[in-house]
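What follows is a set of notes on a single structure, which appears directly below.
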Amino acid sequence: MKIFFKTFGCKVNQCETIEMMKHLQEVGCGITEVPDEADIVVINTCTVTSNADTKSRQYLRRYQRLCPRAKIFLTGCYVNRAKDELQKNFPKIKFFKNSQKQNILNILGLPVSTYQRINVSTCFHSRTRAFVKIQDGCDGKCTYCIVPKVRPGLFSKNPGEIIAEVNSYILSGHKEIVLCGIRLGKYQGQRTLASLKRPLRLVGDEARERSGREQESKRVIEQRTQSLELTDLIKELERIEGLCRIRLSSIELNDISDKLIELMAGSKKLCHHLHIPLQSGDDGILKSMRRPYTLKEFSKRINKIKKDISDIGITTDVIIGYPLDTEESLSNTYNFVKKCRFSRLHVFKFSERPGTSAEKLNRKCPDVLINKWCRKMIEMDSLLREKFKERFSGKEMEVLVEGNGCGYTSNYIHIKLPQSAPRNEIFSVNI
């Protein structure tokens with residue numbers, strides 16, 4: 001039995017694909033990278049933009065042509081948002097939601113009892129950085145975002161499970177893990193602690209009636225839980241021998257605590273890189289978006305982070321073409337981004353999502369403005385990357401070597417290395 005996976009979207013979605021693959025490999029199924037070899041095709045979708053929806057449909061039709069004998073399954077956030085619509089348009093395809101991914105064996109019609117479980121390495125993919133999902137769900141109110149509708153329930157993985165997963169990646173040869181979540185900063189794990197209560201001391205005839213062994217068996221196990229925040233989890237992970245780097249995926253400004261900044265400043269393992277979504281550099285647009293900060297608050301926070309961690313790389317997301325965007329608001333965004341001196345930008349064109357508050361706005365930003373300011377922002381991104389890299393010119397820095405002789409520093413500078421540089425090793429280079 002050979003199974004092919006195609007994944008779209010965020011790191012959390014990629015983590016979920018890896019988990020499904022692992023469950024299948026554990027019962028002896030083969031994972032193939034060649035779709036027309038597959039008996040089963042699983043497409044893990046994203047729906048954060050209309051372009052993501054389009055890509056999922058395009059690949060679905062493509063695999064229907066390439067793999068006429070294969071069973072095709074669609075899952076992910078697009079299915080969570082529009083399962084009925086997809087079933088109507090693709091009646092021969094099987095669909096399952098995010099919450100069903102953990103039951104992948106039953107979903108694919110592969111009951112566990114018919115297979116002999118085998119142990120497999122978790123290192124079955126080509127990445128040098130291992131993604132570890134620790135949190136899921138978002139309770140945000142942003143007007144443009146569909147994510148809280150398709151991943152509404154907040155969930156945090158048990159710390160023991162996370163530590164075991166990270167240990168398995170280390171044993172497989174990984175040196176860096178990336179902690180992933182939809183709202184990473186809302187991680188709130190629970191650890192169960194057990195302690196023994198001493199038995200009641202018995203006297204007289206009652207005591208003589210019970211042997212010491214019997215009394216010992218009457219001890220009561222008292223259980224209580226300990227809550228762990230993101231910083232507590234990181235401290236636990238730092239103790240893992242062989243783990244060289246811990247990197248955080250995207251985290252919201254208001255979820256970055258002083259404790260996290262302090263921990264990052266003093267840590268030898270936590271990477272000096274934060275991806276903090278901005279979305280707009282105009283207070284009016286931020287208010288309409290229902291983003292929970294002002295530009296003054298955003299600027300103050302990142303200035304503190306830069307002061308406490310002098311070499312930190314701060315990357316961000318910017319949305320161009322929100323319905324209320326104008327020449328002035330987009331110019332304000334451009335100037336604010338320049339002022340903040342981010343180390344890298346991710347530039348997105350606004351995408352209207354069904355069921356969001358932004359869909360109901362009776363305005364549309366002109367395409368000519370969207371295209372103009374996207375070009376300017378992309379040019380700004382190139383400039384910011386070069387300026388940030390120039391700050392470290394002549395300094396020796398450590399780089400985790402990835403494929404094709406490239407790698408990243410702790411603060412997320414992309415470095416080209418000699419082809420002879422050993423893959424998946426940390427290599428000291430002069431910038």
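Each value in this text was obtained by applying a stated rule to the coordinates, not by laboratory testing. These numbers come from a predicted model, not from an experiment. Cβ sites come from the backbone with ideal geometry, for glycine too, and all protein chains shown count toward neighbours.
Quick one: net charge of ARG353's neighbours, Cβ under 9 Å, K/R +1, D/E -1? For residues surrounding ARG353, the net value is 0. A simple spin-label model places pseudo-atoms 7 Å from Cα toward Cβ; at VAL368 and ARG62 they are separated by 3.5 nm.
Label positions at LEU417 and SER168, each projected 7 Å from the Cα along the C-beta direction, are separated by 2.7 nm.
Straightening the chain between LEU154 and ARG191 buys 11.6 nm, computed as 0.36 nm per residue apart minus the Cα-Cα spacing. Provide the net charge surrounding ILE134, with neighbours chosen by a C-beta distance below 10 Å and charges set as Lys +1, Arg +1, Asp -1, Glu -1. Neighbourhood net charge equals -1.
The stretch between GLN87 and LYS296 holds 70.6 nm of extra length on full extension. This uses 0.36 nm per residue minus the Cα-Cα distance. Per residue, the chain reaches -11000 deg cm²/dmol at 222 nm when only DSSP H runs of four or more residues are counted, each adding -39500 (n - 2.57). Applying the criteria of a DSSP loop state and at most 12 other Cβ atoms within 10 Å to the GluC sites (Glu not before Pro) of the stretch 11-118 yields GLU33. Against the set (i) 22.9; (ii) 21.9; (iii) 24.4, the structure's computed Kirkwood radius over Cα pairs in Å falls on (iii).
Candidates GLY30, CYS67, THR17 compared by Cα position along the dipole of the stretch 2-120: farthest toward the positive end lies CYS67, with charges placed on Cβ.
Local charge sum around LEU263 (other residues, Cβ-Cβ under 13 Å, Lys/Arg +1, Asp/Glu -1)? That sum, taken over residues with Cβ under 13 Å, equals -3.
Quick one: grab the alpha carbon gyration tensor of the stretch 8-87, order the square roots of its eigenvalues as a ≥ b ≥ c, and give me rounded if a/c is under 1.5, else prolate or oblate depending on whether a/b is larger than b/c. Walk me through the intermediate numbers first.
On the way: a/c = 2.01, a/b = 1.26, b/c = 1.59.
Oblate, since a/c reaches 1.5 and b/c is not below a/b.
Take the Cα of ARG341, go 7 Å toward its beta carbon, and the backbone nitrogen atoms of the stretch 263-277 under 17 Å from that spot belong to 273-274. Between the Cα long axis of helix 159-171 and the first principal axis of the chain there is an angle of about 80°, rounded to the nearest 10. Cβ crowding within 10 Å ranks TYR334, TYR63 as TYR334, TYR63, fewest other Cβ atoms first. Fully extending the segment from LYS395 to GLN226, taken as 0.36 nm per residue of separation minus the present Cα-Cα distance, adds 56.6 nm.
The alpha carbon gyration tensor of the stretch 272-385 gives principal lengths a ≥ b ≥ c with a/c of 1.5 or higher and a/b greater than b/c, which makes the shape prolate. In whole percent, what relative contact order does the stretch 272-385 give with Cα contacts below 8 Å and a gap of six or more residues? About 31 percent, as a whole number.
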